[in-house]
Amino acid sequence: MASIESMTASPPASSALSSLAAIPSLDPRAPVGIFDSGLGGLSVLRAVRAQLPSEAIIYVADSLYAPYGERDDDFIADRTLAIGEWLVAQGAKALVVACNTATAQSIALVREKLPIQLIGVEPGVKPAALQSRSRVAGVLATQVTLRSARFQALLERHAADCRFLCQPGHGLVQAVERCDIGSAELRALLESYIQPMLDAGADTLVLGCTHYPFLDAAIRDIAGDRLALIDTSIAIARQLERVLDQQGLRPPERDAAQPRFCSTSDGAHLRQLAATLLQIDAPVERVHIPSRRTAATDSHAA
């Protein structure tokens, strides 16, 4: 079982009455919003579509500002809140923050500001600790996730007698963003991260970024069956199902439309990866989602 976070958003006091009034009026047929800094959240979208085939989905990739793993904490929180507010304005009934970095740094702020249910994701430290027989496990995640207080708390709670080897996955998000999931250069980079874990006796690897499940074939080529891979996507989809059931927000059974794909960049890579890995060929809308930290950039672009 993977690690996830679910929470009910608590609106600011000034808007509490209007926010609370809005929640019961949500339409079960309204879409679920899924947000990531870029394309990695497609791994979560894949799991959600498999678990909840009747749900309408809006997917937002903030690719113009990806990767978040190299941004400062304030920037990540600023973008996460802005995109969450944009999805609420689009009618989303729940929000999946399908980004470990955004969850680690921003979930508390988003919880205070948005009036809809939120599902966050965090690296699967607990299931790795339960599964590892050698008591050595690797963690691949962004540098921001690994340094976050949330991740350190995870280690303290669940590591116990299990040794975790934490490796920042520099360059991996960028590779997936450009649809590189198997080049020789990518394999060499992955091997430089994974081989030391194998040499140290690791038998389990936590994929601590939603981009990384798209690298599973390349990881398997390097590690064979020596590493069990911990992917949180399925657990996120199941938690979303539980939350929607609790709120009476599941739609009647239906053939849901194709996901609505949105990107703050041109969307070409988003469309390519969705077609290649999810067999979904759908247009991508380019959307402008302003925020405090990008105001200067937006003004310059205008």
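The values are calculated or read from the model by the stated rules, or taken from the named source; none is laboratory data. None of the values given here were measured: they were computed from a predicted structure. No Cβ is skipped: glycine too gets one built from the backbone with ideal geometry, and neighbour counts run over all protein chains shown.
Here CYS179 fulfils each of the conditions (1) on the phi < 0 side of the Ramachandran plot; (2) in contact (Cβ under 8 Å) with a residue 60 or more places away in the chain apart from (1). Scanning segment 96-134 for residues that are farther than 16 Å from GLY40 by Cβ and of a type in the set (A, V, I, L, M, F, W, C) yields a count of 11.
Residue-wise test of (1) under 23 Å from GLU177 (Cα atoms); (2) at pLDDT 95 or above.
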{"position": "ASP62", "(1), (2)": "yes, yes"}
{"position": "ARG71", "(1), (2)": "yes, no"}
{"position": "TRP86", "(1), (2)": "yes, yes"}
{"position": "VAL97", "(1), (2)": "yes, yes"}
{"position": "VAL110", "(1), (2)": "no, no"}
{"position": "GLY120", "(1), (2)": "yes, no"}
{"position": "SER132", "(1), (2)": "no, yes"}
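Between ALA108, ALA77, ALA66, ALA82, which is in contact (Cβ under 8 Å) with a residue 12 or more places away in the chain and either under 22 Å from GLN239 (Cβ atoms) or surrounded by 23 or more Cβ atoms within 10 Å (Cβ to Cβ) (or both)? So that I can check it myself, show each step before the final result.
Numbers: ALA108 fails: in contact (Cβ under 8 Å) with a residue 12 or more places away in the chain; ALA77 fails: either under 22 Å from GLN239 (Cβ atoms) or surrounded by 23 or more Cβ atoms within 10 Å (Cβ to Cβ) (or both); ALA82 fails: either under 22 Å from GLN239 (Cβ atoms) or surrounded by 23 or more Cβ atoms within 10 Å (Cβ to Cβ) (or both).
So the residue among ALA108, ALA77, ALA66, ALA82 that is in contact (Cβ under 8 Å) with a residue 12 or more places away in the chain and either under 22 Å from GLN239 (Cβ atoms) or surrounded by 23 or more Cβ atoms within 10 Å (Cβ to Cβ) (or both) is ALA66.
Pairs linking a residue in segment 33-59 that is in contact (Cβ under 8 Å) with a residue 24 or more places away in the chain and more than 17 Å from GLU285 (Cα to Cα) to a residue that is β-branched (Val, Ile, Thr) and surrounded by fewer than 24 Cβ atoms within 10 Å (Cβ to Cβ), with Cβ atoms under 6 Å and 6 or more positions apart or on different chains, are ALA47/ILE234. Scanning segment 27-40 for residues being under 12 Å from LEU95 (Cα atoms) and crowded, with 24+ Cβ neighbours inside 10 Å gives a total of 5.
The residues listed here are LEU146, LEU95, LEU130; of these, the one that is outside the structural domain of ARG250 (by TED's automatic domain parsing), touching a strand residue (DSSP E or B) at 6+ places or on another chain (Cβ under 6 Å) and of a type in the set (A, V, I, L, M) is LEU146. State whether the residues of segment 214-222 include one that is touching a strand residue (DSSP E or B) at 6+ places or on another chain (Cβ under 7 Å), crowded, with 20+ Cβ neighbours inside 10 Å and closer than 26 Å to ARG133 by Cα. Checking segment 214-222: at least one residue is touching a strand residue (DSSP E or B) at 6+ places or on another chain (Cβ under 7 Å), crowded, with 20+ Cβ neighbours inside 10 Å and closer than 26 Å to ARG133 by Cα. For segment 41-63, taking the residues that are over 15 Å from the mean Cα position of the chain (by Cα) and not in a helix (DSSP H, G or I), the one that is surrounded by the most Cβ atoms within 10 Å (Cβ to Cβ) is identified as GLU55. Among the conditions (1) over 17 Å from GLY38 (Cβ atoms); (2) free of Cβ contacts under 8 Å to residues at least 40 places away in the same chain, the only one that LEU205 does not satisfy is (2). Annotation: GLY248 fulfils all but one of (1) within 26 Å of GLN51 (Cα to Cα); (2) in a strand (DSSP E or B); the unmet one is (2). Just one of the numbered conditions (1) part of a helix (DSSP H, G or I); (2) more than 21 Å from the chain's Cα centre (by Cα); (3) of a type outside the set (D, E, K, R); (4) surrounded by fewer than 18 Cβ atoms within 10 Å (Cβ to Cβ) is not true of ALA275: (2).
Quick check on segment 89-97. Is at least one of its residues surrounded by fewer than 24 Cβ atoms within 10 Å (Cβ to Cβ) and part of a helix (DSSP H, G or I)? Checked against the condition, which is being surrounded by fewer than 24 Cβ atoms within 10 Å (Cβ to Cβ) and part of a helix (DSSP H, G or I), segment 89-97 yields at least one hit.
Quick check, is ALA153 surrounded by fewer than 21 Cβ atoms within 10 Å (Cβ to Cβ), modelled with pLDDT under 95, in the same structural domain as ALA202 (by TED's automatic domain parsing) and at positive phi?
Working: surrounded by fewer than 21 Cβ atoms within 10 Å (Cβ to Cβ): yes; modelled with pLDDT under 95: yes; in the same structural domain as ALA202 (by TED's automatic domain parsing): yes; at positive phi: no.
Taking the combined requirement at face value, the residue does not satisfy it.
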